[in-house]
Amino acid sequence: MSRGGGRLAKLGLDTGYSGAKLELPVELIQYAERIGFDSAWASEVYGSDAITPMAYLAAKTERIRLGTAIMQAAGRPPAMCAMQVQTVDAMAGAIGS
């Protein structure tokens, strides 16, 4: 809460869509984390998934929250989807800490 009684905005960064060559803006996300961004998001489309970049970013960041903006749920069973996001959470230190 701000002193005026309103809520403060939280900033998030979208990593964008990858094309034929996967490019993840790691330095940009690390910079966003340093200046106080709340979250970074990945989407999956045309050849790359959203989970793997989040796992990689979990190893390269410390505080920024990570999420999937678009995840093609029809391409994997719900239990697999849940297992994947739980694994990223565990790798990021969110589970068992």
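The values are calculated or read from the model by the stated rules, or taken from the named source; none is laboratory data. Bear in mind that the values here come from a model prediction, so they are computed numbers and not experimental data. We place every Cβ from the backbone using ideal geometry, glycine too, and count neighbours over all the protein chains shown. Calculation scope for accessible area: heavy atoms of the full protein, side chains included, ligands and nucleic acids excluded. Shrake-Rupley method; radii C 1.70, N 1.55, O 1.52, S 1.80 Å.
Taking residues in segment 75-88 that are more than 12 Å from Ala55 (Cβ to Cβ) and at pLDDT 80 or above, and partners anywhere that are part of a helix (DSSP H, G or I) and small (Gly, Ala, Ser), the pairs with Cβ atoms closer than 7 Å and at least 6 places apart or on different chains are Cys81/Ala73. Annotation note: Cβ proximity below 8 Å between a residue of segment 21-50 that is under 15 Å from Gln72 (Cβ atoms) and β-branched (Val, Ile, Thr) and a residue that is outside any loop (DSSP other than H, G, I, E, B) and open to solvent by less than 90 Å² (accessible area, probe 1.4 Å) (sequence gap 6+ or interchain) occurs for Val45/Ile70. Candidates in segment 53-74 are the residues that are over 14 Å from Trp41 (Cβ atoms) and modelled with pLDDT under 85; of these, the one that is surrounded by the fewest Cβ atoms within 10 Å (Cβ to Cβ) is Ala74.
For segment 6-39, the tally of residues that are hydroxyl-bearing (Ser, Thr, Tyr) and open to solvent by 50 Å² or more (accessible area, probe 1.4 Å) stands at 2.
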